[in-house]
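Here the structure is laid out as structure tokens; the discussion comes afterwards.
The values are calculated or read from the model by the stated rules, or taken from the named source; none is laboratory data. None of the values given here were measured: they were computed from a predicted structure. Positions of Cβ are backbone-derived with ideal geometry, glycine not excepted, and every protein chain shown enters the neighbour counts. SASA here: full protein model, heavy atoms, side chains in, ligands and nucleic acids out. Shrake-Rupley method; radii C 1.70, N 1.55, O 1.52, S 1.80 Å.
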Amino acid sequence: MTFHHIRKAVFPVAGLGTRFLPVTKDIPKEMMPLIDRPLIHHGVDEAVASGCNDIIFVTGTGKETIFQYFQHSPELEAHLTETGKEELAEQLRKIPELADFHYTLQEKPLGLGHAVLCAEEFCKDDYFGLLLPDDVMLAEPTVLAQLESVRERYSGSVLSLEEVDKDDTSRYGIVDAEEVEPGVFRVKGLVEKPDPKDAPSNLAIMGRYVLSPSVFKHLKSIKRGSGGEYQLTDAIASMLEEEPVYALLYKGRRLDCGVREGWIKATIIKALQYPDLREIVINTIEKELNVKI
Ligand code: G1P
């Protein structure tokens, strides 16, 4: 049987961004800039680079700017062309052409599991990618592509993992898993945000998933879990009883941009990668702190 790569990527973007208030009061957190493009654009670039051509945004109220961002801006594009800034105009024209964009509304913030269930009509027929846009991944090949290569070899859903400090298990979904080759695990159980004393391991689920469409059936049967929300982790735990789930300690670097500490770190790390910004960052720090780097 030939292997079909995922073509669809789901982005839950309905969150209220409470970890980054007050800026996220009126700006969706997904529209926070990382250098010159919003976080969500970095995520979409990753999905497209991984072969996806359908992008599904699960949105909430107050997220209209995300929709606008991925639309053409005929007046702005024309103005840039008329004023000789064709390169910029061309850059803007490419944004809506990145993929086919679809939108579905999550009416109430009832958790990640509930958000994913809102994408069912678009993803019910095949494996799909799920990307949590707070995490910007620096990885080559992309994390989603790394997960796909595990699915190609083992078949089944594949989760992305990182080892975390035992004290931090209550911030993540944690897996109980058996290593089947270096860095690749067969998942035996999952718990959402366990206390360190109850955590089955320190292997934490990160914001990239390749999921089987059967997950929707399980999302419909779970009860509210951690934090009183419908948890994706609980649906995957239920799915495990019927089909295999794997997980990968991915190769790459995660920039958690959903909180200000992570966002500022990410901004510096990213800026250091741009030849025209690198020197500015170094000079500014040297001057401000009176140090030599
Ligand atoms: C969600 C998932 C959790 C996962 C985390 C990764 O939690 O529920 O299992 O470890 O994303 O970022 P959230 O960060 O939305 O609370």
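Rounded to the nearest 20 debye, the dipole magnitude of the chain is 520 debye, with +1 charges on Lys and Arg beta carbons, -1 on Asp and Glu beta carbons, and the Cα centre as origin. Using a probe of 1.4 angstrom and keeping all protein chains present, the accessible surface of the stretch 150-285 works out to 49 square angstrom per residue. Computed from the Cβ-Cβ distance with R0 of 22 Å, the FRET efficiency linking residue 71 to residue 105 stands at 0.80. Sorted largest first, the spans of the alpha carbon positions of the stretch 1-134 along the three principal axes are 49, 47, 22 Å. Under 5 Å between amide hydrogens, built in the peptide plane, is the criterion, and for residue 135 it picks out 257 among residues at least 5 positions away or on other chains. Express as a percent, rounded to the nearest 5, the fraction of DSSP beta bridges in the stretch 1-156 (both residues included) that run antiparallel. Within the stretch 1-156, antiparallel bridges account for around 10 percent of the total. Taking GluC sites (Glu not before Pro) across the stretch 159-255, the ones in a DSSP loop with at most 13 further Cβ atoms lying within 10 angstrom of their Cβ are 241, 242. Each pair of Cα atoms in the chain enters the Kirkwood radius, and Stokes-Einstein at 25 °C and 0.890 mPa s then converts it into a translational diffusion coefficient of 121 µm²/s.
When the alpha carbon gyration tensor of the stretch 2-71 is reduced to an equivalent ellipsoid, its three semi-axes come out at 25, 13, 10 angstrom, largest first.
The value of relative contact order for the chain, using C-alpha pairs under 8 Å at least six residues apart, is 21 percent. Summing +1 for each Lys or Arg and -1 for each Asp or Glu among the other residues whose beta-carbon sits under 12 angstrom from that of residue 229 gives +2.
Sequentially through the stretch 141-152, phi angles give Karplus couplings (6.51, -1.76, 1.60; θ = phi - 60°) of x, 4, 4, 4, 5, 5, 5, 4, 5, 6, 4, 4 Hz, Gly and Pro residues having no value and appearing as x. Pairs spanning more than 22 Å between alpha-carbon atoms, out of 108/223; 166/193; 29/188; 29/287; 29/108; 63/108: 29/188; 29/287. Give me the angle, in degrees from 0 to 90, between the Cα long axis of helix 86-97 and the longest principal axis of the Cα atoms of the chain, rounded to the nearest 10. Taking the Cα atoms of the chain, the angle to 86-97 is about 20 degrees. Distant-in-sequence amide contacts of residue 190, defined by a placed amide H-H separation under 5 Å and a gap of 5 or more residues or a different chain, comprise 176. Karplus-derived 3J(HN,Hα) values for the stretch 257-270, using 6.51 cos²θ - 1.76 cosθ + 1.60 with θ = phi - 60°, are 9, x, 10, 5, 4, x, 5, 5, 4, 4, 4, 5, 4, 5 Hz; glycine and proline are entered as x. Each of the peptides 9-15, 58-64 was scored by the mean count of other Cβ atoms within 10 Å over its residues; in descending order, highest first, they stand as 9-15, 58-64. Looking at the chain, send over the antiparallel percent of its DSSP beta bridges, to the nearest 5. Counting only bridges with both partners in the chain, antiparallel ones make up about 60 percent. For residue 166 and residue 125, the difference between the fully extended length at 0.36 nm per residue and the C-alpha to C-alpha distance is 11.0 nm.
Taking H placed 1.01 Å from N in the peptide plane, check which residues at least 5 places from residue 157 or on another chain put their amide H under 5 Å from its amide H. Distant-sequence amide H within range of residue 157: 212, 246. The accessible surface of the stretch 164-293, taken with every protein chain in place and a 1.4 Å probe, is 50 percent carbon and sulfur.
Average accessible surface for the stretch 1-126: 55 Å² per residue, computed with a 1.4 Å probe over protein heavy atoms with every protein chain in place. Once C-alpha pairs closer than 8 Å and six or more residues apart are averaged by separation and normalised to the residue number of the stretch 108-221, the relative contact order reads 37 percent. Our helix-only sum for the chain, with -39,500 (n - 2.57) per DSSP H run of n ≥ 4 divided by its residues, gives a mean residue ellipticity at 222 nm of -10000 deg cm²/dmol.
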